[in-house]
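Some notes on the structure that comes next.
The values are calculated or read from the model by the stated rules, or taken from the named source; none is laboratory data. Only a predicted model underlies this, so the values are computations on that prediction, with no experimental measurement involved. Cβ coordinates were reconstructed from backbone atoms using ideal geometry, including for glycine residues, and neighbour counts include every protein chain displayed. Quick note on the areas: whole protein, heavy atoms, side chains included, nothing else; ligands and nucleic acids left out. Shrake-Rupley method; radii C 1.70, N 1.55, O 1.52, S 1.80 Å.
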Amino acid sequence: EAGVVQSPRYKIIEKKQPVAFWCNPISGHNTLYWYLQNLGQGPELLIRYENEEAVDDSQLPKDRFSAERLKGVDSTLKIQPAELGDSAVYLCASSLSGEQFFGPGTRLTVL
Amino acid sequence: AQSVSQHNHHVILSEAASLELGCNYSYGGTVNLFWYVQYPGQHLQLLLKYFSGDPLVKGIKGFEAEFIKSKFSFNLRKPSVQWSDTAEYFCAVNQAAGNKLTFGGGTRVLVKP
């Protein structure tokens, strides 16, 4: 069974540029999560989807971050414009019930 | 809001030594508890989980964890570590009725050969 797929694995951009990350969850998992992981810290939830609906986006900085999961399967997280402080690893996870499975993450570097 | 604290940020030990990593959480209701591991260059993987039942949980690779409700703790243990256990370990908690997983800050474990 394929795991959670994320792309790209690495992204380097200049500040003020837009960037997008893509996630394909494990087949059949209706819950999808985006996390932010800063260096030396644990992941922090940005947004959680139940199928197409964003049910918890309280930690998403909505002035520059957006996300979508149009067909209830794969999802895109966007930052526009990126700031230096956005440099981090962006993790996607999915679950069916309880246990979350994580993807490899996208390491973003903003110069 | 729930929070999770891991007491040690870094642990260095030799092969065959015993390992115990502390984890405490703040939520007072029914919780699900997890330990995840992240090996160098790899993604987060589940080591073990506790939902209910026997508070002593056995996971993969010889790890176990004990849920002590009165202490709000879920400490991870391994009697004899190997060099391949070098990784970062994360404790995580979610409310039993919800899906929001809160992670601790992680503990980096270095096992010297």
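Brief remarks follow.
- Tallying residues that are within 12 Å of chain B (Cβ to nearest Cβ) and hydrophobic (A, V, I, L, M, F, W, C) within region A:86-111 yields 7.
- Residues within region A:30-59 that are in contact with a Ser or Thr (Cβ under 6 Å, 6 or more places away or on another chain), more than 10 Å from every other protein chain (Cβ to nearest Cβ) and more than 21 Å from A:A88 (Cα to Cα), tallied: 0
- Residues of region A:38-63 satisfying the condition of being part of a loop (DSSP other than H, G, I, E, B), open to solvent by 30 Å² or more (accessible area, probe 1.4 Å) and within 27 Å of B:Q38 (Cα to Cα): A:N38, A:L39, A:G40, A:Q41, A:D57, A:S58, A:Q59, A:P61
- When region A:64-85 is filtered for residues that are farther than 22 Å from A:E50 by Cβ and either open to solvent by 10 Å² or more (accessible area, probe 1.4 Å) or within 14 Å of chain B (Cβ to nearest Cβ) (or both), the ones remaining, listed by number, are A:R64, A:Q80, A:P81, A:E83, A:L84, A:G85.
- In region A:1-37, the residues that are within 14 Å of A:T76 (Cβ to Cβ), part of a loop (DSSP other than H, G, I, E, B) and open to solvent by 40 Å² or more (accessible area, probe 1.4 Å): A:P8, A:P18
- Selection of strands (runs of 3 or more DSSP E) fully inside region B:45-113 by the criterion of at least 1 residues being over 15 Å from the mean Cα position of the chain (by Cα) and of a type in the set (A, V, I, L, M, F, W, C) returns B:107-112.
- Flag if A:N30 is over 11 Å from the mean Cα position of the chain (by Cα) and on the phi > 0 side of the Ramachandran plot: no
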